[in-house]
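Laboratory data are not the source of any read-out in this text; all were calculated from the coordinates shown. Everything numeric here is computed off the predicted structure, so don't read it as measured data. Quick reminder, even Gly has a Cβ in these numbers, built from the backbone with ideal geometry, and neighbours come from all protein chains shown.
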Amino acid sequence: MTITSIEIRRAASLFLPVSGVLALAVSAVPASAVAEPLLYGPDTCIQGYVWREARPGDTVCVLPAVRDRTATENAHPASNKDPLAGSGPESCSQGYVWREAFDGDTICVTPAERADTLADNASAQSRKQANQPAAHQANGSRRVVFSAVGNGEVFSIVTDPDTGLVPDHTPLPFTRTLDIGPEVNMLQVVATGRDAPGPGCSISIDGTVVAAEPIGGSGHCIYVFP
């Protein structure tokens with residue numbers, strides 16, 4: 001039997017258009033994994049950190065206690081000021097300095113709080129979720145970041161697992177990144193500073209902070225896997 005061109009066209013009309021066929025074909029193929037959008041865009045903080053909000057639009061990521069302290073300082077901008085101290089109406093009382101969370105920030109705080117603020121500024125990008133490595137790499141390892149923050153230099157910084165000596169006079173802030181396997185059951189960093197107040201520290205795993213100490217604390221952060 002001979003099939004005519006009319007019959008071929010008539011048979012083709014019984015099927016979906018090419019675009020429909022392609023759509024079905026695409027839907028039949030498993031979709032590749034797509035990263036979930038970050039809740040607050042590129043400024044989303046890693047878990048355990050929040051925006052500082054020293055002024056509108058300040059998205060430097062800090063510990064919640066630091067944001068609370070910053071809000072209190074902002075609520076009392078005239079505190080610790082002495083207009084006769086020599087730097088005009090924004091002069092600080094003796095023993096206090098400008099916070100300097102941003103250019104023109106003249107909130108008066110203790111030197112330790114300013115050091116804390118400057119350390120947070122220096123660590124800003126490392127605390128953004130968008131800058132973290134993919135969690136749980138294909139080989140099953142995890143990405144660990146040890147941090148020591150503050151001003152001045154250190155006598156020493158020791159990490160466990162240890163990946164080498166941190167020389168005397170190393171300036172702060174300091175970070176060390178390494179990948180660990182399932183055999184590691186404890187993480188710690190001990191930072192001994194040369195200047196007061198002592199360094200703060202933190203440990204993060206795949207972008208989540210699991211241990212932290214503020215500037216002026218013990219300088220010792222430790223995490224034991226459950």
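Relative to the Cα centre, the charge distribution of segment 43-122, modelled as +1 at Lys and Arg Cβ and -1 at Asp and Glu Cβ, gives a dipole magnitude of about 120 debye. Here, P(r) means the percent of Cα pairs in each 5 Å bin from 0 to the largest distance; for segment 133-224 it is 3, 15, 27, 23, 16, 9, 5, 2, 0. Here the residues 178, 63, 84, ranked from fewest to most Cβ neighbours within 10 Å of their Cβ, fall in the order 84, 178, 63. Think of each Lys and Arg Cβ as +1 and each Asp and Glu Cβ as -1; about the Cα centre, that makes the dipole of segment 125-226 roughly 320 debye.
Which translational diffusion coefficient, to the nearest whole µm²/s, is obtained for segment 87-134 from the Stokes-Einstein equation, given a Kirkwood hydrodynamic radius over C-alpha pairs, 37 °C and 0.692 mPa s? Kindly include the intermediate steps, with their values, before the conclusion.
Working: Rh = 12.1 Å.
It comes out at roughly 270 µm²/s.
What whole-number distance in Å separates the alpha-carbon centres of segment 137-167 and segment 189-212? After rounding, the separation between the Cα centres reads 9 Å.
The shape of segment 43-122 can be summarised by an equivalent ellipsoid whose semi-axes, obtained from the alpha carbon gyration tensor, come to 25, 11, 10 Å from longest to shortest.
For residue 45, nonlocal amide neighbours, meaning residues 5 or more places apart or on other chains whose placed amide H falls under 5 Å from its own, are 129.
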